[in-house]
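Peer 1: Structure below; questions to follow.
The values are calculated or read from the model by the stated rules, or taken from the named source; none is laboratory data. As the structure is a computational prediction, the values presented were derived from the model and not from experiment. Backbone-built Cβ (ideal geometry, glycine too); neighbour counts: all protein chains shown.
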Amino acid sequence: MTNEVRTVSRRARLRAQTSREIEEESFAIIDAGGVHALSIAALARAMAMSAPAVYRYFPSRDALVARLTTQSYQQLATAISQAVAGRGRTPRAQVGLLVAAYRDWALRHRRRYSMLFGERPADAPGDVSARTPLDEAMSLLIDLLAAIGDPASGEAADGDPALDGQLRLWASAQERPDTAPQTARAAILLWTRVHGIVSLELAGVFVNQAIDVQRLIDLEIDDVVRSLGQNR
């Protein structure tokens with residue numbers, strides 16, 4: 001290996017290391033004060049770098065936030081996937097583990113969760129319709145619900161033709177084109193219900209109230225399972 005190649009390799013390693021350190025410090029700022037607390041100036045102070053030096057790694061704050069958002073999606077998706085890994089559990093039990101992992105990650109990383117699902121600024125970069133790691137977790141949820149009770153006919157008993165068409169398109173976007181509309185609807189309803197409960201929990205709505213949040217979530221799972229014509 002020539003000296004020039006070794007020098008380039010060393011520079012690449014140092015750049016990658018510094019990029020990771022910038023991302024870690026950015027997450028620390030977000031975890032402490034939310035995404036609005038993150039600025040290039042604040043990051044540069046925390047890193048003992050100049051702002052122009054930070055810009056050599058990320059061209060703008062928006063580019064940095066976009067990177068952190070993608071990483072947070074991946075962290076959440078990984079937590080969900082790991083929770084349901086392994087065999088010997090029923091699909092219903094795995095749905096419970098998936099939802100529990102979702103809630104646990106949100107409670108442990110509440111400000112990252114808010115960054116993922118908060119209002120997007122008008123100039124937010126990236127294609128909001130692009131597939132994210134969280135879509136992989138949604139595909140997993142669809143598979144589990146289909147295993148519980150995917151209607152063989154592909155039609156919901158009380159289906160709405162217009163909505164069914166939209167659900168088919170949505171399922172195709174999740175790379176599950178053969179999913180019955182009823183199953184797709186169940187997946188969306190479960191996610192939105194759990195997200196709503198978790199968001200209220202994070203907002204402190206249930207503080208000092210005799211509300212068993214986990215029981216609320218369990219009942220929502222049971223309700224969705226029943227909607228598929230199963231009780232298991």
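Peer 1: Could we say that Ile40 is touching a residue at least 12 places away in the same chain (Cβ under 8 Å), closer than 17 Å to Tyr113 by Cβ and in contact with a helix residue (DSSP H, G or I) (Cβ under 6 Å, 6 or more places away or on another chain) here?
Peer 2: Working: touching a residue at least 12 places away in the same chain (Cβ under 8 Å): yes; closer than 17 Å to Tyr113 by Cβ: no; in contact with a helix residue (DSSP H, G or I) (Cβ under 6 Å, 6 or more places away or on another chain): yes.
No; evaluated as a whole, the condition is false for this residue.
Peer 1: If Phe58 satisfies all but one of (1) assigned to a loop (DSSP other than H, G, I, E, B); (2) without any contact (Cβ under 8 Å) to a residue 12 or more places away in the chain, what's the number of the condition it fails?
Peer 2: (2)
Peer 1: What's the number of the condition Ser72 fails, among (1) at pLDDT 90 or above; (2) not in a helix (DSSP H, G or I)?
Peer 2: The single condition Ser72 does not satisfy is (2).
Peer 1: If you go through region 181-219 one residue at a time, how many are assigned to a helix (DSSP H, G or I) and either among the β-branched types (Val, Ile, Thr) or farther than 15 Å from Ala106 by Cα (or both)?
Peer 2: First, pick out the residues of region 181-219 that are assigned to a helix (DSSP H, G or I): 181-202, 213-219.
Adding the requirement that they be either among the β-branched types (Val, Ile, Thr) or farther than 15 Å from Ala106 by Cα (or both) leaves 181-190, 192, 194, 197-198, 213, 215-219.
Total satisfying the criteria: 20.
Peer 1: Now for a separate question. Checking the structure you have, find out if any residue of region 62-73 is among the small types (Gly, Ala, Ser), farther than 24 Å from Leu190 by Cα and in contact (Cβ under 8 Å) with a residue 40 or more places away in the chain.
Peer 2: Taking every residue of region 62-73 in turn, at least one turns out to be among the small types (Gly, Ala, Ser), farther than 24 Å from Leu190 by Cα and in contact (Cβ under 8 Å) with a residue 40 or more places away in the chain.
Listed here are the residues, each with its yes/no results for (1) buried (at least 20 other Cβ atoms within 10 Å of the Cβ); (2) at pLDDT 85 or above.
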{"site": "Ile80", "(1), (2)": "yes, yes"}
{"site": "Ala93", "(1), (2)": "no, yes"}
{"site": "Arg108", "(1), (2)": "no, yes"}
{"site": "Asp127", "(1), (2)": "no, no"}
{"site": "Met138", "(1), (2)": "yes, yes"}
{"site": "Ala152", "(1), (2)": "no, no"}
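Peer 1: Right, Thr132: polar (S, T, N, Q), surrounded by 14 or more Cβ atoms within 10 Å (Cβ to Cβ) and modelled with pLDDT under 90 or not? Steps first, answer last, please.
Peer 2: Details: polar (S, T, N, Q): yes; surrounded by 14 or more Cβ atoms within 10 Å (Cβ to Cβ): yes; modelled with pLDDT under 90: yes.
Yes.
Peer 1: With respect to Met115, determine if the residue is more than 30 Å from Ala146 (Cβ to Cβ), among the hydrophobic types (A, V, I, L, M, F, W, C) and either touching a strand residue (DSSP E or B) at 6+ places or on another chain (Cβ under 8 Å) or not assigned by TED's automatic domain parsing to the domain that holds Glu201 (or both). Steps first, please.
Peer 2: On the way: more than 30 Å from Ala146 (Cβ to Cβ): yes; among the hydrophobic types (A, V, I, L, M, F, W, C): yes; either touching a strand residue (DSSP E or B) at 6+ places or on another chain (Cβ under 8 Å) or not assigned by TED's automatic domain parsing to the domain that holds Glu201 (or both): no.
So Met115 fails the test.
Peer 1: If you don't mind, another one. Could you tell me whether any residue of region 10-24 is modelled with pLDDT of 95 or more, surrounded by 12 or more Cβ atoms within 10 Å (Cβ to Cβ) and farther than 22 Å from Leu134 by Cβ?
Peer 2: yes
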